[in-house]
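Have a look at the structure below, then the notes.
Taken together, the values in this text are just the output of simple stated rules run on the coordinates, not laboratory data. All figures in this text were calculated on a predicted structure; none of them were measured in a lab. With ideal geometry, Cβ positions are generated from the backbone for all residues, glycine too; neighbour counts draw on all protein chains shown.
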Amino acid sequence: MPKMKTKSGAAKRFKARASGSIKRSMAFKRHILTKKTTKNKRQLRGTAEIHSTNMGHVRAMLPYA
């Protein structure tokens, strides 16, 4: 059987943790930041965990993660 390919776009966006969960970065912090509050921008820092409803799709894109 040939190896499965990893989706390169998903590899750039998601990282697997040691526990098996997958982390992602926050959205909505790239541009048009002047109308967003400082509190909103501060809370968009850091990472979040992939929701359980999306876990199957992300696992399919990252077969070896």
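With θ set to phi - 60°, apply the Karplus curve 6.51 cos²θ - 1.76 cosθ + 1.60 along the range 4-14 and write out the HN-Hα couplings as whole Hz, x wherever there is a Gly or Pro.
So the J values, rounded to whole Hz, are 7, 8, 7, 5, 5, x, 6, 5, 6, 9, 10.
For residue 15, list long-range residues whose amide hydrogen, built 1.01 Å from N in the peptide plane, is under 5 Å from its own amide hydrogen.
Distant-sequence amide H within range of residue 15: 23.
Just from its helices, what would the mean residue ellipticity at 222 nm be for the chain, if runs of 4 or more DSSP H residues each count -39500 (n - 2.57) and the sum is divided by every residue, rounded to the nearest 500 deg cm²/dmol?
That calculation yields -7000 deg cm²/dmol at 222 nm.
Given 0.36 nm per residue, what is the gain on full extension from residue 7 to residue 52 after removing their alpha carbon distance, in nm?
Extra length available between residue 7 and residue 52 comes to 14.2 nm.
Set Lys and Arg Cβ to +1 and Asp and Glu Cβ to -1, take the dipole of the chain about its Cα centre, and tell me which of 20, 52, 37 lies farthest positive.
About the Cα centre, the residue reaching furthest to the positive side is 37.
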